[in-house]
Amino acid sequence: NQLNGLRFASGHYVQALDCNMGAFIGECFKMPYVLRMFMPVDKEDRSAPRCRYLGFREYIYTGREGTVGKCHAAAEWTFGTIYQRFLTGLGIRMHYGHPDFLDGFWARNRGGMSKSSPVVNLSEDIFAGFNVRMREERSPHIDALEFEKGREATFNAASNFFSKISGGSISVIRSRDNHLLCERIGVLHSLSFYFTSVAFYTSNLMVDISIYLYVFLFVLFQLAGLGPGELAALGSTFSTEWIISMGIVTLVPQVCEMVLEYGAVHAVKEVFGGLLSATFFFIFQNKNIASSMKEGAKTGIARYFFTGRPPANQHQTWKDIYVTYWKSHYRPAFTLMLGYLIYSCLAAQESGRGRLPMVLVVVSMIAWVITPIIFSPFPRWVLIRQDLQEFSHFITGGAGAGEDELAEVVERGQKGTVRSLFENGLAAEIRCWTESPVLALLFGIVLKVLAAGFAVVALPAEILDFLPIFLVALSFSWVVVLGYFYAGLNNVFLVLSFIVWPAAVPCAHFIVGTRWNHPNALARMPEYLISMCFFFFLLGLAKEIVLFLCRVIRLLSPCTGRSKGGSEVGHMHECVRVCFVYFLVHQVQFVEAYIVLLANLVTACLLAVVDKVMCNAHTWFLLNSELARTPHGDRYMERNGTLWEMDTASFGMDFFYEPDSEMEGSQGDEPPNSAAWAR
């Protein structure tokens, strides 16, 4: 849009504005004076202007639209004002998008305002800054001017925004422009260039990886017999809990800037008053950034996320929340939870050594699960019941399970309109094994093989001896899965396929003898837990090897030149579908989804009680005092029946009417116009 509009722009200076921007009339009066930064009045030679791009402050007016808008506005103000001013002092500031002024004549003759590309189009504006830097020009920031800008005010939209720009940062790292700059600017300038381009996203990725390494390291310490006491004797800093994190340290520049601009009272009120909400919000968003970068690095694709910028009071359903975050937050939270549980079990066996509580780790994995519900407005009992029913039907639904539905599964997965948990997980698996580069898949498999080899060497034999228990359970599970396919995709068999697993521990004495409970079952529990986790890791590795071989065979097949809808692609999709069930991927997701449902239910009920007892305190915290006055009896975001449905309920059912299964279970004794007639 910018490149097309630039063709019709006249004048020496150009400014691009989106529909989410505005300006006070007083700021517009400053513009002639601000534009003199390009070319002072006493200079007439346009061949040597002071700068090519000129940035200025932005006021995020959606900061008044609730807690999410305030958190997003604080982040934007930190980056768009404090950070830009600092980068200008270093002489390394780039162009980060509208509403910067630019030298229109220079841009029209040197590549335009951005780099339009189907691969790097998510962070296209920074390439104009690369262009400025490679031509030894300047792109400063001034504080004399301030425009308005609107940002996302709902939680899901804010998450999509962070996912979009962090996924685009991977393409920036892989770009030719970035490579050329790093070759020519030297070591010292490379450090400042790192902070002006992708440092924020890369740092979040490293922090995210360090959380898993931290827990994994303490599991190894416990297996080696090193508790906090032994670590303290060795002089290691791992012997104490790490409480002061970099997230707390980064508050200092914002507090100092607010004291300078607004005064100490306002700074303390804004920063420390919103510290709790900002902690949960940015813990979640930092994980969002890290997950998007991992996805971009793995697939090589920068995916565009449509934010839409809906109003702040829009309710977010549990189903939509799960579809958005199951891969980026819920699954990593369960992985981290398993690691922490293994560490706690090992430490409990040796109570004399003690253990670290790992407060920040526990807070992180809890925040990854419950934060979307905390930031979902209007926790009303009717909405909770509505979301509970919809999410339950989503989990147990069988849409997309048939072989003839594979093409529709792929299409719905691309559009984000999945109908069931099975379809959601299968679409993600198909996308992973058909779109990811073969070398990236091979690299991931090699890393996991090396990790499995290290685990075989490092784990004690007492733990590895329990693996046959789960191998027998897997054989029984495969028999049940075979019945699932032969019985016409009956969900009863899927339920039975993972009910086999809890029965594996009581039946373990038939496989490993008396060792299964010697000296007692509780003492053996860490070994069961670790061996089960390692077995599922090996099972996932076996699935990846099978699908990788299928992918290689498809590439080497002489029929690869067929159309995209040909049989070779269909065979690959069918292989993914079969492995999706036989290797227990769907069964594990089924259990995880119900855990998420339980966490959502508990959190939403607590927030509903707080709203009911404390005069809409949660609504006041999340939105504002005006919406906090909304009575609990008012209907909001309820899926009421149509007038025809209410008429048929009042005057009798129509002869040709067949009741919906969801409506049948919600009639009860309530009046026809109640919220129980939810679709």
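The values are calculated or read from the model by the stated rules, or taken from the named source; none is laboratory data. Here the structure is a predicted model, which means the values were calculated and not measured. Here the Cβ is made from the backbone with ideal geometry for all residues, glycine too, and neighbour counts use every protein chain on show. Surface accessibility is based on the protein's heavy atoms, side chains included, excluding ligands, DNA and RNA. Shrake-Rupley method; radii C 1.70, N 1.55, O 1.52, S 1.80 Å.
Remarks
- Shape call, segment 329-393: gyration tensor on alpha carbons, a/c limit 1.5: prolate
- Sulfur and carbon atoms: percent of accessible area, the chain [1.4 Å]: 65
- Separation of segment 92-153 and segment 333-394, taken as the distance between their Cα centroids, equals 41 angstrom.
- In the full protein context, the chain carries 50 Å² of accessible surface per residue, based on a 1.4 Å probe and ignoring ligands, DNA and RNA.
- Cα gyration tensor shape for segment 1-54, rounded if a/c is under 1.5, else prolate or oblate: oblate
- The alpha carbon gyration tensor of segment 44-184 gives principal lengths a ≥ b ≥ c with a/c of 1.5 or higher and a/b no greater than b/c, which makes the shape oblate.
- Shown in residue order for segment 274-281 are the 3J(HN,Hα) couplings computed by the Karplus curve 6.51 cos²θ - 1.76 cosθ + 1.60 at θ = phi - 60°: x, 5, 5, 5, 5, 4, 5, 4 Hz (x for Gly and Pro).
- Segment 1-100: chymotrypsin sites (Phe, Trp or Tyr not before Pro) falling in loop per DSSP and having at most 15 other Cβ within 10 Å: Phe8, Phe24
- Sequentially through segment 6-17, phi angles give Karplus couplings (6.51, -1.76, 1.60; θ = phi - 60°) of 5, 5, 9, 7, 10, x, 7, 10, 10, 9, 9, 10 Hz, Gly and Pro residues having no value and appearing as x.
- Helical contribution to [θ] at 222 nm, DSSP H n ≥ 4, -39,500 (n - 2.57), averaged over the chain, rounded to 500: -19000 deg cm²/dmol
- Peptide packing: for 295-307, 361-373, 486-498, the average count of neighbouring Cβ atoms within 10 Å per residue gives the ranking 361-373, 295-307, 486-498, highest mean first.
- Length-normalised contact order of the chain in % [C-alpha pairs under 8 Å, at least 6 apart]: 13
- For the residue pairs Lys415/Lys448; Lys319/Lys612; Lys70/Lys115; Lys43/Lys115; Lys149/Lys294; Lys30/Lys149, the C-alpha atoms sit more than 28 angstrom apart in Lys415/Lys448; Lys70/Lys115; Lys43/Lys115; Lys149/Lys294.
- 3J(HN,Hα) along segment 495-503, derived from phi through the Karplus expression 6.51 cos²θ - 1.76 cosθ + 1.60 where θ = phi - 60°, amounts to 5, 5, 5, 10, 6, 4, 5, x, 7 Hz, with x in place of Gly and Pro.
- In terms of overall dimensions, the C-alpha atoms belonging to the chain reach 94, 77, 64 Å along their principal axes, ordered largest to smallest.
- All-pairs Cα distance distribution in segment 287-446, expressed in whole percent, bin size 5 Å: 1, 7, 12, 15, 17, 17, 13, 8, 5, 3, 1, 0
- Between 0 and 90 degrees, the angle of helix 567-582 with respect to the longest Cα principal axis of the chain falls at about 60 degrees.
- Listed peptides 123-133, 380-390 by packing density, highest first (mean Cβ within 10 Å): 123-133, 380-390
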